[in-house]
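> Starting off with a structure, shown below.
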Amino acid sequence: MENIRLALQGIWSHKLRSFLTMLGIIIGIASIITIVSTIKGTNEQIKENLIGSGSNVVTVQLYEGSYPYDIAYMKLPEGVRVITEETRQALEDLGGVEQVSLYLARNASYEAYYQGIQFSGGIYGVDRHYFSVKDYQVTQGRGFLDSDYKDCRKVVLIDDKAAASLFGDQSPIGHVLEIRGETFTVVGVVTPMSTFTPNIQSLEDYYLYADTSGGGLYIPDTAWPIIYRFDEPQSVAVRADSTDAMTEAGRNVAEALTKSQIIHSTGLGTPTDTPEQDEELLSSEFSYRSEDLLEQAQQLQEMSEAANQQLLWIAAISLLVGGIGVMNIMLVSVTERTAEIGLKKALGAKRRRILVQFLAEASVLTFLGGVTGVAAGMALAEVISRINHIPVAISVPAIAVAVIFSILMGVIFGLLPAVKAAKLNPIDALRRH
């Protein structure tokens, strides 16, 4: 504490010189904090743009080889079983999984009309759990009843985008849609409870994130064979426990369905002994795979980070320059205080005491520079965010590392001046005075 007090006294007595010495540290730390905050904010924005804020739903669908299976252009897959309610319930017990829904999907273009108006979105045959998993709520009319599923009623729910494109400002409840020549009565409108709009900053962002679909039409899955075929393979909507658990939940559901498919297709009572054997069996067959949005977000984040690595190196160079400035000013301080050092040694001060005193002064100097740099970096990041509309997120670990690193720089670059001071001969030092 005595060394720190003396260091603060020395810094205060030479305020301008101390500030100019700290300036290189301040600029370097501020630059790093700003860049790291921008990178973190951009990464979070990418993650939210792909996944949506608070949406933890991942899709698992059937693949043929390495391509998604498209029932609209392919015949029914031989040997692929319909996923039963018992299987759906078993999937909800897997790690990371909160809730599971089964659904069927087609593109409704040229297949759905209202009074001659063509619908350009998708049509979905959904089970009783779909809207709960997707976090949709009924905003007009009613939802599906158990009797709708039991009696295979030709009723349809539409989302708000479909309602706007087909009905404009009028209420769609009670109107009739024609789907593949069959009439379905609109009984309700559903809307996502948690709406999220991607942050579109460029044309590339628009093509990557923007939802340009015409909305969705939803019918009970039991009514699906009225307009399409029986026993079509379903897709699975999986709500994960958290956003970070989406990859685990999707992978677990996909693996469980694939192993179940292996048992059925090969006649084996259990899955094979190794994943390699499972993969070999499925090399020319069907398997289930999850839509890993977290992996997609990670790939985009890595591209974003790579573009900022050079800026971090430039900031690191400015820190090096600041450290050299600290070393220089500490060498000047040793020269100025030669008599003081000689007097302390003459009174019995050991080399270690002199060494620690000068290291403490250098460390306190760089610590103050680091703290000031952190504050400047946070302020600069906020200014850049407001001017350029770039999202930023302050990284607490980066702040801690920056402060600790600034102290270490004081130790490293203050070591040479401290050693020089500690090695001074007291007689020579007093003679200089």
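The values are calculated or read from the model by the stated rules, or taken from the named source; none is laboratory data. Just so it is clear, the structure is predicted and the values come from calculations on it, not from any experiment. Cβ atoms come from the backbone with ideal geometry, glycine included; neighbour counts cover every protein chain shown. Note: areas computed on protein heavy atoms with side chains; ligands, DNA, RNA excluded. Shrake-Rupley method; radii C 1.70, N 1.55, O 1.52, S 1.80 Å.
> What's the number of the condition residue 158 fails, among (1) in contact (Cβ under 8 Å) with a residue 60 or more places away in the chain; (2) surrounded by fewer than 20 Cβ atoms within 10 Å (Cβ to Cβ); (3) touching a Leu at 6+ places or on another chain (Cβ under 8 Å)?
Condition not satisfied by residue 158: (2).
> Among (1) out of contact with any Gly (no Cβ under 9 Å at 6 or more places or on another chain); (2) closer than 30 Å to residue 86 by Cα; (3) not polar (S, T, N, Q), where does residue 110 come up short?
Unmet for residue 110, out of (1) out of contact with any Gly (no Cβ under 9 Å at 6 or more places or on another chain); (2) closer than 30 Å to residue 86 by Cα; (3) not polar (S, T, N, Q): (2).
> Just to be sure I understand the filter: pairs with C-beta atoms under 7 Å, separated by 6 or more residues or on different chains, first member in region 80-99 and in contact (Cβ under 8 Å) with a residue 12 or more places away in the chain, second member surrounded by 16 or more Cβ atoms within 10 Å (Cβ to Cβ) and basic (Lys, Arg). Which pairs pass?
98/239; 99/239
> Take residue 64 and tell me if it is of a type in the set (D, E, K, R) and at pLDDT below 80. Show your work before the answer.
On the way: of a type in the set (D, E, K, R): yes; at pLDDT below 80: no.
It is false that residue 64 is of a type in the set (D, E, K, R) and at pLDDT below 80.
> Something else: Surrounded by fewer than 16 Cβ atoms within 10 Å (Cβ to Cβ), modelled with pLDDT of 90 or more and more than 30 Å from residue 171 (Cβ to Cβ), is that true of residue 78? Write out each step before concluding.
On the way: surrounded by fewer than 16 Cβ atoms within 10 Å (Cβ to Cβ): yes; modelled with pLDDT of 90 or more: no; more than 30 Å from residue 171 (Cβ to Cβ): yes.
No, not satisfied.
> Go through region 161-179 and give me each residue that's surrounded by fewer than 15 Cβ atoms within 10 Å (Cβ to Cβ) and in contact with a strand residue (DSSP E or B) (Cβ under 9 Å, 6 or more places away or on another chain).
171, 174, 176
> Can I ask one more? Here's a check for you: in region 26-42, which residue that is among the polar types (S, T, N, Q), open to solvent by 20 Å² or more (accessible area, probe 1.4 Å) and at pLDDT below 80 is nearest to residue 247 (Cα to Cα)? Show your work before the answer.
First, pick out the residues of region 26-42 that are among the polar types (S, T, N, Q): 31, 34, 37-38, 42.
Filter once more, so that each one left must be open to solvent by 20 Å² or more (accessible area, probe 1.4 Å): 31, 38, 42.
From what is left, the residues that are at pLDDT below 80 are 38, 42.
Numbers: 38: 26, 42: 21 Å.
Among them, the one singled out is 42.
> Sticking with this one: All but one of (1) under 13 Å from residue 217 (Cα atoms); (2) open to solvent by 60 Å² or more (accessible area, probe 1.4 Å); (3) of a type in the set (D, E, K, R) hold for residue 146; state the number of the condition that does not hold.
Result: residue 146 fails condition (1) only.
> While we're here: Open to solvent by less than 50 Å² (accessible area, probe 1.4 Å) and at pLDDT below 90 - does that describe any residue in region 182-190?
No, region 182-190 contains no residue that is open to solvent by less than 50 Å² (accessible area, probe 1.4 Å) and at pLDDT below 90.
> If I filter region 223-237 for residues that are at pLDDT below 90, aromatic (Phe, Trp, Tyr) and out of contact with any Phe, Trp or Tyr (no Cβ under 8 Å at 6 or more places or on another chain), do I get at least one hit?
yes
> Given the conditions (1) surrounded by 18 or more Cβ atoms within 10 Å (Cβ to Cβ); (2) modelled with pLDDT under 80, and given that residue 349 satisfies all but one, which numbered condition is not satisfied?
Tallying (1) surrounded by 18 or more Cβ atoms within 10 Å (Cβ to Cβ); (2) modelled with pLDDT under 80, residue 349 fails exactly one: (1).
> Residues being in contact with a strand residue (DSSP E or B) (Cβ under 9 Å, 6 or more places away or on another chain), assigned to a loop (DSSP other than H, G, I, E, B), open to solvent by 20 Å² or more (accessible area, probe 1.4 Å) and farther than 17 Å from residue 156 by Cα: count how many of those fall in region 95-120.
Number of matching residues: 1.
> Mind counting the residues in region 388-402 that are outside any loop (DSSP other than H, G, I, E, B), open to solvent by 30 Å² or more (accessible area, probe 1.4 Å) and in contact with a helix residue (DSSP H, G or I) (Cβ under 8 Å, 6 or more places away or on another chain)? Steps first, answer last, please.
Of the residues in region 388-402, the ones outside any loop (DSSP other than H, G, I, E, B) are 388, 396-402.
Of the ones still in play, those that are also open to solvent by 30 Å² or more (accessible area, probe 1.4 Å) are 388, 396-397, 399-401.
Next cut, in contact with a helix residue (DSSP H, G or I) (Cβ under 8 Å, 6 or more places away or on another chain) only: 399.
Count: 1.
> OK, next. If you check 273, 244, which single one turns out to be part of a helix (DSSP H, G or I) and either open to solvent by 40 Å² or more (accessible area, probe 1.4 Å) or at pLDDT below 80 (or both)?
Numbers: 273 fails: part of a helix (DSSP H, G or I).
The match here is 244.
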